[in-house]
Amino acid sequence: MTTESAENTATTPVLHWVRLPFERIGQGVIDLFVEVGHLTLLAAGGMAWSFRRPFRPTLLLQQCEYIGVGSLPIVLLTGLFAGLVFALQSSIAFAKFNAESLVGATVVISLARELGPVLTGLMVTGRAGSAIATELGTMRVTEQIDALESMAVSPIQYLVVPRVVALIFVMPMLTLLFNYVGFLGAFIVSVYQAGINEGTFMGRIYQVVDIVDLLGGLFKSACFGGVIGLVACYRGMNASGGSRGVGVAATRTVVSCSVSILVLDYFLTTLLLMVFE
Amino acid sequence: MSDVETETRAPPAPDGLETMPDGLVIRAQGIHKRFGDNHVLRGISIDFPKGTTTVILGGSGSGKSVLMKHLIGLLKPDEGRVLVEGINISQLSGTALTKARMKFGMVFQWAALFDSMSVGDNVAFPLREHHRELSEKEIAERVAEKLALFGLEGTEAKFPADLSGGMRKRVGLARAIVLEPEIVLYDEPTTGLDPITTEYVDEMILRAKEKLQVTSVVISHDIGSAFNIADSIAFLYEGKIVEHKPPSELRHSEHPELKKFLSTWFGRN
């Protein structure tokens, strides 16, 4: 607290308490804009370094393996149960209107457009985003990132670019697999539990679902991948304060990415609807 | 040792480099650095002559590490500048800064080894990054040579987690000199080491200077080690260099804080 504000507090305590929430909100807004600015600069730096030699295909493949293959079990499990539950609820609800034939199409279109990209993004955030923030945060507090710089190696090119590019590539593939197992789950519940004719189930899907639904979802998942990579790298590279700071960076990564995915989803969906509907 | 604070700045040379007196490698001029309200460096000016070892001595939190990070361009000063062989490293960024850093090797306080890589890969890292023309066989030979220089033969396959503190520092030193830089910066090289290992690390620093003719800058609060390896010692107190002399002269300094600092060592020995 500055001397001036301390004097104000002493002289006009009521005014201070009235002003305090506005100051807090204002500071929060300023902090948000500062962070968005830093993220934008990191994205610009990453873009610039992506096209400079030396290219690092080995690091990129290692990250694709770590993020993609490593996240596969949790993504498949989530996809399967999302499909199972969604089909189960839909079949009960649609039975009230004698519209069970639409269960397959409804589940598949929801998976392709929303559930696939969003749930895959959230799962990858929890698994890979937090791991990236922890790894880079540990490197920051143990001076490994300073060591990279002292050896004339750009941390953005060496650490950030492979992770962000890997996430942009891998997220659509994971989303595709999520959609596929989700569809299988929906098929199993609809046909073997709810007793819907499999021909009807598949026929409605062919009738209603379009390739644009799938491609739009994959585009969104690539965007989510970029956001997860940037936020996780930013939080990790700016970690401070030892092991506690690393933990804070990982937690803030999960929170920031989850919120960003949901907010970005709305805007991307609006954009896609404007373009294709 | 001349304090350059009162000197006027030399005009830029025609080739874009700034002129520096002969025999100087690094010149820091009027460095100020603040972190929020904390004014860490308050007008540091110091010269580092070629081929010598300068120790910057000071207590914890005196700004030693901050000063060192300015020398290699990891931090930018709020005021002042750092010239490295005539290049103002404080103004550089991107590729130019990367190129300027090639002159340096840096040994970090806790070694800062890449914990996901083996010892061999850690030492080979700068070679793989900056000498892509070398074959893996040539890299392995150079790595083995540098590890042998510090008594670490056959440790290539080990990981940093398997090493003692002293071994980690020596691996850090081997990594710092593998490109045979002109300048080596040491950040608290003997912190946390037992007296025998401390002496061994001191010998390593002297050996690196003799064999490779490097200019060494060591920051430390280890008085014994400083007097063992230094050609000159600068004492950093409250963000300023208050004394900068050869060890034999510094020991008889009348500066009250320096006297107090040195008495913790010489009073007992």
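The values are calculated or read from the model by the stated rules, or taken from the named source; none is laboratory data. It should be emphasised that the depicted structure is a prediction, and the values quoted were computed from it without experimental measurement. Here the Cβ is made from the backbone with ideal geometry for all residues, glycine too, and neighbour counts use every protein chain on show. Calculation scope for accessible area: heavy atoms of the full protein, side chains included, ligands and nucleic acids excluded. Shrake-Rupley method; radii C 1.70, N 1.55, O 1.52, S 1.80 Å.
If you sort the three axes of the alpha carbon gyration tensor as a ≥ b ≥ c, you get a/c of 1.5 or more for chain A and a/b no higher than b/c, which makes it oblate. In this structure, the amide hydrogen of B:VAL107, modeled 1.01 Å from its nitrogen in the peptide plane, lies closer than 5 angstrom to those of B:LEU185, B:TYR186, B:ASP187, counting only residues at least 5 positions away or on a different chain.
Computed over protein heavy atoms with a 1.4 angstrom probe, the accessible surface ordering of A:TRP49, B:TRP265, B:TRP110, largest first, is B:TRP110, B:TRP265, A:TRP49. Accessible area of B:LEU83 (1.4 Å probe, protein heavy atoms only, ligands and nucleic acids ignored): about 0 Å².
Computed about its Cα centre, the charge dipole of region B:118-216 is approximately 80 debye, with only Lys, Arg, Asp and Glu carrying charge at their Cβ. When the alpha carbon gyration tensor of region A:214-271 is reduced to an equivalent ellipsoid, the three semi-axes, largest first, read 28, 10, 7 Å. If both residues of a DSSP beta bridge must be in the protein assembly as shown, then about 55% of such bridges are antiparallel.
Rounded to the nearest whole Hz, the Karplus-based 3J(HN,Hα) values (6.51 cos²θ - 1.76 cosθ + 1.60, θ = phi - 60°) of region B:146-163 follow the sequence 5, 5, 5, 4, 10, x, 10, 4, x, 9, 3, 7, 6, 10, x, 5, 8, 9, with x at glycine and proline. Given a 1.4 Å probe and the protein chains as shown, A:MET173 ends up with an accessible area of around 120 Å². If only the Cβ of Lys and Arg carry +1 and only the Cβ of Asp and Glu carry -1, the dipole of chain A around its Cα centre is close to 280 debye.
Close amide-amide hydrogen proximity is noted between B:SER45 and B:GLY30, B:ILE31, B:ILE241, each under 5 Å apart and 5 or more residues distant or on a separate chain (H modeled in the peptide plane; Pro and chain starts excluded).
When the protein assembly as shown is described by a simple charge dipole with +1 on each Lys and Arg Cβ and -1 on each Asp and Glu Cβ, the residue from B:PRO189, A:ASN238, B:PHE159 located farthest towards its positive end is A:ASN238.
Relative to the dominant Cα principal axis of chain A, helix A:130-141 is inclined by about 20°. Here B:LYS99 is the anchor, and the aspartates and glutamates within straight C-alpha reach of less than 19 Å, apart from those fewer than 8 places off in the same chain, are A:ASP146, A:GLU149, B:ASP15, B:GLU18, B:GLU85, B:GLU129, B:GLU133, B:GLU180, B:GLU182.
Calculate, for A:ILE211 and A:ILE25, the FRET efficiency according to 1/(1 + (r/R0)^6) with r their C-beta to C-beta distance and R0 56 Å; round to the nearest 0.05.
It comes to 0.80.
Note that region A:148-277 presents 46 Å² accessible area per residue, ligands and nucleic acids not counted, probe 1.4 Å. The phi-based Karplus calculation (6.51 cos²θ - 1.76 cosθ + 1.60; θ = phi - 60°) puts the 3J(HN,Hα) values of region A:155-170 at x, 5, 6, 7, 9, 7, 4, x, 6, 5, 5, 4, 5, 5, 6, 7 Hz, whole numbers, x for Gly and Pro. Counting 0.36 nm for each residue step from A:THR200 to A:LEU262 and taking away their Cα separation leaves a gain of 19.0 nm. May I ask you to compute the full-extension gain from B:VAL242 to B:PHE159, defined as 0.36 nm times their residue separation minus their alpha-carbon distance, rounded to one decimal in nm? Here the segment from B:VAL242 to B:PHE159 would lengthen by 25.7 nm.
When region A:15-65 is described by a simple charge dipole with +1 on each Lys and Arg Cβ and -1 on each Asp and Glu Cβ, the residue from A:HIS38, A:ALA48, A:ILE25 located farthest towards its positive end is A:ALA48.
Taken along the Cα-to-beta-carbon direction at a fixed 7 Å, the label points for A:GLU114 and B:GLU210 span 7.5 nm.
Full extension of the chain between B:ALA148 and B:TRP265 yields a length gain of 38.8 nm, computed as 0.36 nm times the residue separation minus the alpha carbon distance. Estimated from helical segments only, the mean residue ellipticity of the protein assembly as shown at 222 nm is -18500 deg cm²/dmol, where each DSSP H run of four or more residues counts as -39500 (n - 2.57).
Enumerate the residues in region A:113-133 having an amide nitrogen under 20 Å from the point lying 7 Å beyond the Cα of A:THR269 toward its Cβ. Answer for this model: A:113-125. Annotation: lysines with alpha-carbon distance below 22 angstrom to B:LYS209 (same-chain offsets under eight excluded): B:LYS50, B:LYS64, B:LYS69, B:LYS103, B:LYS146, B:LYS169, B:LYS245.
Taking amide H atoms as placed 1.01 Å from N in the peptide plane, the amide H of B:ASN88 lies under 5 Å from those of B:GLU18, each 5 or more residues away in sequence or on another chain. A simple count of charges around B:SER220, restricted to other residues whose Cβ falls under 12 Å of its Cβ and scoring Lys, Arg +1 and Asp, Glu -1, yields -3.
About its Cα centre, the dipole of chain B is roughly 340 debye, where the only charges are +1 on Lys and Arg Cβ and -1 on Asp and Glu Cβ.
When you restrict to C-alpha pairs under 8 Å that are six or more residues apart and normalise by the size of chain B, the relative contact order lands at 24 percent.
Restricting to Cα pairs below 8 Å that are 6+ residues apart, what does the relative contact order work out to for chain A? Please round to a whole percent. Reported relative contact order: 29 percent. Both chains summed, the buried accessible area for A and B stands near 1600 Å², from protein heavy atoms and a 1.4 Å probe.
Between A:ARG53 and B:GLU129, the modelled label-to-label distance comes to 1.8 nm, taking each label 7 Å out from Cα in the direction of the beta carbon. Any idea what log10 I(q)/I(0) is at q = 0.07, 0.09, 0.15, 0.17 Å⁻¹ for chain B, Debye with uniform C-alpha scatterers and no solvent? After summing over all Cα pairs, the log10 values are -0.25, -0.42, -1.14, -1.39. Placing unit charges on the Cβ atoms of the charged side chains and taking the dipole of the protein assembly as shown about its Cα centre, the candidate lying farthest along the positive direction among B:THR95, B:LEU134, A:ALA93 is A:ALA93.
Please arrange B:PHE104, A:PHE276, B:PHE159 by accessible surface area, largest first, computed with a 1.4 Å probe and ligands excluded.
Numbers: B:PHE104 15, A:PHE276 120, B:PHE159 85 Å².
Ranking B:PHE104, A:PHE276, B:PHE159 by accessible area, largest first, yields A:PHE276, B:PHE159, B:PHE104.
Per the Debye formula on identical point scatterers at the alpha carbon atoms of the protein assembly as shown, with no solvent, log10 I(q)/I(0) at q = 0.11 Å⁻¹ is -1.04. Pairs of Cα atoms nearer than 8 Å and 6+ residues apart set the relative contact order; for region B:43-170 it is 19 percent.
For chain A, the carbon plus sulfur part of the accessible surface works out to 71%, probe radius 1.4 Å.
Of the whole protein surface, B:LYS50 contributes about 130 Å² of accessible area at a 1.4 Å probe radius.
Count Lys and Arg as plus one, Asp and Glu as minus one, and take only other residues whose Cβ is under 12 Å from that of A:ILE205; the net charge is then -2.
With a cut-off of 14 Å between beta carbons, the residues surrounding A:SER91 carry a summed charge of 0, where Lys and Arg count +1 and Asp and Glu -1. Straight-line reach from B:LYS33: taking Cα to Cα under 13 Å and skipping same-chain neighbours fewer than 8 places apart, the aspartates and glutamates in range are B:ASP78, B:GLU79, B:GLU238. Couplings 3J(HN,Hα) for region B:216-226, derived from phi with the Karplus relation 6.51 cos²θ - 1.76 cosθ + 1.60 (θ = phi - 60°), are 10, 10, 10, 9, 7, 10, 8, 5, x, 4, 4 Hz, where x marks Gly and Pro.
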